[in-house]
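To keep things clear, I will list the structure first and then write my remarks on it.
No value in this document is a laboratory result; all are computed from the given coordinates. Values in this document were obtained by computation on a predicted structure and should not be read as measured data. All Cβ positions, even for glycine, are placed from backbone atoms using ideal geometry, and neighbour counts span all protein chains on display.
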Amino acid sequence: MNLFISNGLIVDPENGLEAMGDLVIEDGVIRDIRLYRNQEKSSIKNVTGDDYRIDEQGNAHLDARGKWIVPGLVDLHVHLREPGFEYKEDIVSGCMSAARGGFTTICCMPNTNPVIDNAYITLMVNSRAKEANGVQVLCIGAVTKAQEGKELADYEGMLRVGSHSSHMIDRGICGISEDGKTVEDCEVMLAAMKKAKELGLTFFSHAEPEAEIVERDLALAEAAGCRIHFCHISEKRSIDLIREAKKRGLPVTAETAPHYFTLTSNDVKEDPNKKMNPPLRGPEDVEAVRKALKDGTLDAIATDHAPHHEKEKSRPFAEAPNGVVGLETSFAVSYTELVKTGFLKPVELIRRMSAAPAGIIGIERGSLWIGKPADIAVIDVAREYVVSAEDFESKGKNSPFIGRKVYGQVECTIVGGSIVWRADREEVRKRAV
Ligand SMILES: [Zn+2]
């Protein structure tokens, strides 16, 4: 089956594109990108006037009039909760949630039960992911066995799982992290970083207390010569440290999440759905995060999608677990807050959500290259709606954005040329403001 996407605004940061055009997908690969010259119309005729139709040859036609065509979004930071916490989320529901949010590749954190710290669990997660909807799941392995901070996990074993391919996307893991906690022992950290460097893996640092551990881990990474990526950065002080390290030419990258550039500690008001780690910060930090997204000190927007059961999140604030879901609101909240307001250009936002995270883990994704796998999202940026937990595909309903008016409905998500998500027209109309 071939797929023709016509009449859309193609937004592709790697090719510097923000132009009207068509996309032709054959055998799962982007075969052609046809840009229109002034006033020129699509060469692909929409004979029926439908947004989506299958012709007699079995080819699919998607009319993207008024919509963006972008590289599939890449999320570096997701908790899929399987194995061990399937009542919160599982790989199948997490992948549905990702597809609904426009994500075609997601990286899952190892703080499951058992922990993703060996070849067997890595293989299990990878093979479960293959049974899901087609969204690509890349594991991030634990730094230490059982995340106990003592003995290094089996990085080689986890890497080798599944394939002998030299492409990072086919490997068992795409990085290592102790996400959820900080490795306290500096010697263990240094040994882990040296090993990560040797194996070409990115080290994902969960820094807590944030600025203090950012400073420590920058020094350790420099000593080890390894690539370091900071998870969920939320504070001005740590941003200043990362900016300084980048100026010195260190191979450091960092992500933030939508709640850190849209909400402040004043918004919490003891609402368990606004409780996460790191917590929401003050207005100065929020301002610093936004500036850092603009100037590139913060390379990527991740979600830190952390689903919990409703019962857990309805406990009193002090007892409720940390974490919020984010896959299905990340684009809309980011677009509404950063692009609709004129703060970021469309290509700048898409870079932070696709090309930059893909680059951090070294996978050939995040751009619309001719001849490469067709991982694409089609997004109706003009569509305004109110975020509602009932619409989520995720099992987790713990979003801090429920009730918020946003723009940006993901209409269609495509992985390797196959449609993994398409918004139901009736449902979309019902939700429209
Ligand atoms: Zn996390």
The answer for the net charge of residues other than S127 whose Cβ lies under 15 angstrom from its Cβ, with Lys and Arg +1 and Asp and Glu -1, is 0
Which of these, D217, D50, D380, has the largest mean-square fluctuation under a Gaussian network model of the chain (Cα springs below 10 Å)? D50
How would region 1-115 be classified by its alpha-carbon gyration tensor: rounded, prolate or oblate, with rounded meaning a/c under 1.5 and the a/b versus b/c comparison settling the rest? prolate
Toward the positive end of the charge dipole of the chain, about the Cα centre and with charges on Cβ (Lys, Arg +1; Asp, Glu -1), which of S177, A288, A64 goes farthest? A64
Rounded if a/c is under 1.5, else prolate if a/b beats b/c, else oblate: with a ≥ b ≥ c from the C-alpha gyration tensor eigenvalues square-rooted, which is region 2-65? oblate
For the chain, what proportion of DSSP beta bridges, expressed in % and rounded to the nearest 5, is antiparallel? 55
Report, in listed order, any pair from K197/K246; K67/K269; K195/K294; K181/K274; K41/K345 with a Cα-Cα distance greater than 30 Å. K67/K269; K195/K294
Computed [θ] at 222 nm, helices only, for the chain once each DSSP H run of length n ≥ 4 contributes -39500 (n - 2.57): -7000 deg cm²/dmol
Report, as a whole number in µm² per second, the diffusion coefficient that Stokes-Einstein gives for the chain at 25 °C and 0.890 mPa s using the Kirkwood radius over alpha carbon pairs. 113
Could you list L73, L23, L344 so that the one with the fewest beta carbons within 10 Å of its beta carbon is first and the one with the most is last? L344, L23, L73
Contact order relative to length of region 92-203, as percent, for alpha carbon pairs under 8 angstrom and 6 or more apart: 25
Nearest-20 debye value, the chain charge dipole, Cβ charges on Lys, Arg, Asp, Glu: 780
Is there a quick way to get the dipole size of region 257-308? I mean about its Cα centre, with the Cβ of Lys and Arg at +1 and of Asp and Glu at -1; what is the value in debye to the nearest 20? 60
Computed magnitude of the charge dipole of region 97-160 (debye, nearest 20; Cβ of K, R +1, Cβ of D, E -1): 240
Springs between alpha-carbon atoms under 10 Å, Gaussian network over the chain: tell me which of D75, D179, D51 tops the mean-square fluctuations. D51
When the chain is fully extended, how far beyond the present Cα-Cα distance does E26 get from N2, taking 0.36 nm per residue of separation? 8.2 nm
Over the chain, what is the mean sequence separation of C-alpha contacts under 8 Å (at least six apart), divided by residue count, expressed as relative contact order in percent? 20
Plugging the Cβ-Cβ distance of A219 and K247 into 1/(1 + (r/R0)^6) at R0 = 25 Å yields, to the nearest 0.05, a FRET efficiency of 0.95
